[in-house]
1. Evaluate the range 153-161: report whether one residue or more is closer than 21 Å to Val109 by Cβ, out of contact with any Cys (no Cβ under 7 Å at 6 or more places or on another chain) and either surrounded by fewer than 17 Cβ atoms within 10 Å (Cβ to Cβ) or of a type in the set (Phe, Trp, Tyr) (or both).
2. Output the residues belonging to the range 170-180 that are crowded, with 19+ Cβ neighbours inside 10 Å and outside any loop (DSSP other than H, G, I, E, B).
3. What's the total number of residues in the range 55-88 that are closer than 17 Å to His44 by Cα and charged (D, E, K, R)?
4. On the given criteria, is Glu198 within 22 Å of Val109 (Cβ to Cβ) and exposed (fewer than 12 other Cβ atoms within 10 Å of the Cβ)?
5. Being within 21 Å of Pro153 (Cα to Cα) and of a type in the set (Ser, Thr, Tyr) is the filter here, so list the residues in the range 99-139 that pass it.
6. Kindly indicate the residue of the range 1-30 that is among the hydrophobic types (A, V, I, L, M, F, W, C) and either at pLDDT below 55 or over 30 Å from Asp86 (Cβ atoms) (or both) and also surrounded by the fewest Cβ atoms within 10 Å (Cβ to Cβ) among those meeting that condition.
7. Gly33: part of a loop (DSSP other than H, G, I, E, B), surrounded by fewer than 22 Cβ atoms within 10 Å (Cβ to Cβ) and not β-branched (Val, Ile, Thr), yes or no?
8. Tell me the residue from Val75, Val122, Val94, Val47 that is touching a residue at least 40 places away in the same chain (Cβ under 8 Å), among the β-branched types (Val, Ile, Thr) and either in contact with a Cys (Cβ under 7 Å, 6 or more places away or on another chain) or crowded, with 24+ Cβ neighbours inside 10 Å (or both), please.
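The values are calculated or read from the model by the stated rules, or taken from the named source; none is laboratory data. Since the model is a prediction, treat every value here as computed from it, not as a measurement. Quick reminder, even Gly has a Cβ in these numbers, built from the backbone with ideal geometry, and neighbours come from all protein chains shown.
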Amino acid sequence: MNGVDRKGIGMTSQRTRDRLIQRLREHGITDEGVLAVLRDTPRHLFVDEALASRAYEDSALPIGFGQTISQPYVVARMTSALLGDDVPARVLEVGTGSGYQTAVLAQLVDQVYTVERIDALVRLAEQRLHKLGFHNVRYRCTDGSWGWEQNAPYDAIIVTAAPQEIPQSLLGQLADKGRMVVPVGGAGGQRLLLLTREGNQVKQTLLDMVSFVPLVQGRDA
């Protein structure tokens, strides 16, 4: 789309992507819709050109500003849990980062609202997604722990940085029957939780143990 090389060559080729998808299957990812989107999303366009040859490794990579693009397995695991049996229409993403997770979501749900505290990352992500033809995403530079209350409630919320505790402000923006996927804990490792809201009750399910950058409060323009 718009002259952007989505397919890649060499270490970013379709064959390389197919090998990544096979590894994700071997590690227990079974959602074929999510796997198809990860296969088709050009991850090499969301990292620095110097790291493009590593884009389809199953590993996190630096994107500057002390942030990372998440490991594909973690993206697949979080996305599959977020979608559940009833695909949400409106999703809030906390932590835009490179925009890769945003792009994955934009192909699976009707509307993505994404917030990020680092203005430069917001602008880069918006440029990338616009060039790739994704127009169902709204962007905002703000403290992620605040969410985006004006557009609440959301059918689902995905948090891509780790707070020490579950952010109650985000839970308050989650619709009844809604789902939130969030890593919780300190630098020693975090629990990846699926939270399901049932009225005033919130059910917690442990999905995995993960390692994310911390959810930092405040806006860094």
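1. From the range 153-161, those closer than 21 Å to Val109 by Cβ are 153-161; that's our starting set.
Keeping just the survivors that are out of contact with any Cys (no Cβ under 7 Å at 6 or more places or on another chain) gives 153-161.
Among the residues that remain, those that are also either surrounded by fewer than 17 Cβ atoms within 10 Å (Cβ to Cβ) or of a type in the set (Phe, Trp, Tyr) (or both) are: 153-154.
Taking every residue of the range 153-161 in turn, at least one turns out to be closer than 21 Å to Val109 by Cβ, out of contact with any Cys (no Cβ under 7 Å at 6 or more places or on another chain) and either surrounded by fewer than 17 Cβ atoms within 10 Å (Cβ to Cβ) or of a type in the set (Phe, Trp, Tyr) (or both).
2. Initial filter on the range 170-180 (crowded, with 19+ Cβ neighbours inside 10 Å): 170, 173-174, 178-180.
Within the range 170-180, Leu170, Leu174, Gly178, Arg179, Met180 meet the criteria.
3. Adding up the residues that qualify gives 2.
4. Numbers: within 22 Å of Val109 (Cβ to Cβ): yes; exposed (fewer than 12 other Cβ atoms within 10 Å of the Cβ): yes.
It is true that Glu198 is within 22 Å of Val109 (Cβ to Cβ) and exposed (fewer than 12 other Cβ atoms within 10 Å of the Cβ).
5. Thr102, Tyr113, Thr114, Tyr139 - these are the residues of the range 99-139 that are within 21 Å of Pro153 (Cα to Cα) and of a type in the set (Ser, Thr, Tyr).
6. Going residue by residue through the range 1-30, those that are among the hydrophobic types (A, V, I, L, M, F, W, C) are 1, 4, 9, 11, 20-21, 24, 29.
Those still in the list that are either at pLDDT below 55 or over 30 Å from Asp86 (Cβ atoms) (or both) too: 1, 4, 9, 11.
Working: Met1: 9, Val4: 12, Ile9: 11, Met11: 14.
Filtering the range 1-30 for residues that are among the hydrophobic types (A, V, I, L, M, F, W, C) and either at pLDDT below 55 or over 30 Å from Asp86 (Cβ atoms) (or both), the one surrounded by the fewest Cβ atoms within 10 Å (Cβ to Cβ) comes out as Met1.
7. Values: part of a loop (DSSP other than H, G, I, E, B): no; surrounded by fewer than 22 Cβ atoms within 10 Å (Cβ to Cβ): yes; not β-branched (Val, Ile, Thr): yes.
No: the conditions fail for Gly33.
8. Working: Val75 fails: touching a residue at least 40 places away in the same chain (Cβ under 8 Å); Val122 fails: touching a residue at least 40 places away in the same chain (Cβ under 8 Å); Val47 fails: either in contact with a Cys (Cβ under 7 Å, 6 or more places away or on another chain) or crowded, with 24+ Cβ neighbours inside 10 Å (or both).
One residue alone meets the criteria, Val94.
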